[in-house]
Amino acid sequence: MPWAAGPDEYVQVVDSLLEYAVTLPEVEKGLARLNGPTVGKLRDLARSDEHWWDVIGPADPARQEYNRLTERLGGLRRWSWYWYPVIVIAAILWFGCILAFIVSSPIGLAAVLHDHAFPDSLLWTWVVAVGIPLAGVGLAFLFDEVDFEIPLVVLGLAAAAIILAAAPYLGWHWTHDWTGILIGIGVDLVIGLAFWGLIMFDEKTGVIDDVFDLPSVVFAQAAGVPRQARAAFDTWRLTLLEQGVLPFIRSEINKRFQRQYSSRLEIFDAPGLRDAGRHDLHITTPAGQELAGLLLSQSGGSFALSGPRGSGKSNLLRAICRGEYTITSQHPDLSVQISAPVAYDSREFMQYLYLRLCDAVLAYGWQRTGSPGGLLRPAQPPVYRLREQAASTREQLRNQLTWTTEVAGKVTGGVGEVSGKRALAKAGRALTYPELVDDLRRFLALVVEVLRQDVPEDGSTRAGRVIVAIDELDRIAERDQAYRFLNEIKAIFDIEHCYFLVSVSDEALHDLELAGAGMRSAFDSAFDELIRVEYLDLPLAKQLLRKYVIGLSEQYLALIYVLAGGRARGLIRSARVLFKHSDSPRAPKLSTVVPSIAATELSAACRAGRDLVADQDDADRSVALLRALDEYPRDPLTEEALRAYAGRLLHLPGSPGRSVSVRERVAARAYFLATVIGVFGDELGEPEIELLASGSDDGGASFHTLSRIRSYLGTNPILAIELLNDFRAAWTTDSGGAVRNTAPRPRRRRSATPPR
């Protein structure tokens, strides 16, 4: 097993995965093309302070699960090297004394030679020999609170009682006067004082917990915990490979391509894109650095993450909870990430949060020495008490406890019988919401206290923090419900050294900004700080893409960024679409790839718009629009065809209801795709890319401007069209190619610039 042989240390696992990763086709081809770096160079880079946490951090939750399953088994094996020899020697000496007692003592010899003394002596002798192990087993299960082993507990306690009674009885048989009885009572007192001293010693050291782990481990072996631990180890290695080692290798290979410029789509292989649905990689962003700084500088509080959908709020929360922003001189944080409920119920949500915190406490890797003799050192009783409280609280929250007491009697006479029965049942009462909140606050305070004690005394390491991340608060449809939900859960936001991170909608940002003008709301009163999460810029988008795929040129990196609008989630989707075009025998060029992508996107937009318009009650008044949506340009798509189609849609007469919105959105999409085809042609080379990449966000020609326009296509298509006109005017000298909205609008809405 890995935990017994020792190959489960981070360094050994990372080294073995690096050796395996360089044999994969995508990595092998990339390394061959670059003629390096070697495995040794990659190993040195991975172990450096700059990259080490980036490699191992994403798989840390899987590692903690593996540690949780191996904690008792591994602890037992370390403990056994010191205590098993002691137990064996003590057992040999004990049974040797028993044998000597039987052979040499008058009582023992009489038991062997005279049958009448057998019940009085040999019985007690063997009760002492057998009763102590039984008592140990029973007390072990009693301390371990294994309810289903009550018969063993009773047997062990009974054996212990017999042993205590045996001392005075054997003393009487030894001396045949009161002296032996007093000696036996004295022996019992010594045993009692020794046991009491052991209990007091355990309060300071936790030794009994370690010794009495043996029955639990035996049953754990029977329950298949080693198989579960092996499965957890394999899961950890796979997660470390996919989310740590391979992204690191891809990034290092891409760095050495030295800004490759090519209009041909040459991708060696992209398994990272195929596996991207199972996990989201993270890169350090300005919002992440700002949030990490606030968490480091403040002693607790509540923080709101605001930003448009797809900007990476959930990804940032996961990265914070995984510890990717934790400093090296700090113990791991105890973190929980949950999603806000769509169907609002504050009590159920608070109970679920409490359960998740209990699970996190039980799974947390509390600090212990890793040496075999570490368990001989004094342990930390607050940790054990906290874990016991977490386990009992979790059981109470998941099950409504019921106690039943029953008394029955029966009297039988010569002619009949009389029977009676009485039963009393007690059911545990569920906590009210105020009681639940109060209990949760006390539990969080206890967790913080134990975390702050679980650090070295020299102060070289900072204590871990309690981080609770609540994601997708904007999923609550009704604004009033969201306000009420926030007002109720903020009752736990003011616990010292607890950090509450909540992702909210842009509406919350507006409320907080308006609070400075005297307009307060639930969002303003609930949060200490607000962090704005923006879409990725081009350098960050490139950094993220290079973790997923090897060999993309600057042209295609920029194309993916523009098509995704800077959204992290959209980057992966656009890269997958691009990867589908790399399967052809010859590497296709931009002039082939971009029109094909545009055709697929335009077809989907027209189909969705047609379905929306056709579902209207007065669809017969939108016949012209329906025909136009059916007659969109097909392959081969050109910039001129798309621009003409956008103008045709905008020149249609005003339509009722949602038809206006559909017409404008499809027209804006077609005009955007026309511009993308015009920019990303085969002639796009290094000078043009450098110019577009360095352009400022002032409405001029830049990749950032195109990305921003993409985000407006669904929310404000008329603004998107105007920005596209500005972009085209700055990028080309073809001023006559502008598209204008000339159709009359049925409502008082600002229209685009009239045609020239």
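Each reported figure results from applying straightforward, stated rules to the coordinates on display, with no laboratory input. Keep in mind it's a predicted model, so treat the numbers as computed, not measured. Here the Cβ positions follow ideal geometry from the backbone for every residue, glycine too, while neighbour counts run over all protein chains shown.
Mind listing the long-range amide H neighbours of Cys498? Cut-off is under 5 Å, sequence gap 5 or more, other chains count too, H placed in the peptide plane at 1.01 Å from N.
Gly301
What does region 584-737 give for Rg and for Dmax, in Å, if only its C-alpha atoms count?
According to the Cα coordinates of region 584-737, Rg and Dmax are 16.3, 53 Å.
What is the order of Glu601, Glu449, fewest Cβ neighbours within 10 Å to most?
Neighbour counts put them in this order, fewest first: Glu449, Glu601.
Mind listing the long-range amide H neighbours of Arg546? Cut-off is under 5 Å, sequence gap 5 or more, other chains count too, H placed in the peptide plane at 1.01 Å from N.
none
So what is the relative contact order for region 584-737, in percent, with contacts set as C-alpha pairs under 8 Å and at least six apart? All intermediate terms of the calculation are to be shown ahead of the outcome.
Working: 165 pairs, mean separation 34.0, N = 154.
Result for region 584-737 is 22 percent.
By counting other Cβ atoms within 10 Å of each Cβ, how are His176, His581, His282 ranked from fewest to most?
His176, His581, His282
Based only on other Cβ atoms within 10 Å, what is the fewest-to-most ordering of Leu552, Leu295?
Leu295, Leu552
Amide H neighbours of Ser335 under 5 Å, counting only residues 5+ apart in sequence or on other chains, H built in-plane at 1.01 Å?
It is Ile467, by chain and number.
Beyond 27 Å between alpha-carbons counts as too far, so tell me which of Lys29/Lys589; Lys41/Lys580; Lys547/Lys580; Lys313/Lys589 fall in that bin.
Going by Cα-Cα distance, Lys41/Lys580; Lys313/Lys589 fall outside the 27 Å limit.
I need the phi-derived Karplus couplings for region 231-246: 6.51 cos²θ - 1.76 cosθ + 1.60, θ = phi - 60°, integer Hz, Gly and Pro marked x.
5, 5, 5, 5, 5, 4, 5, 5, 5, 5, 5, 6, 9, x, 6, 5
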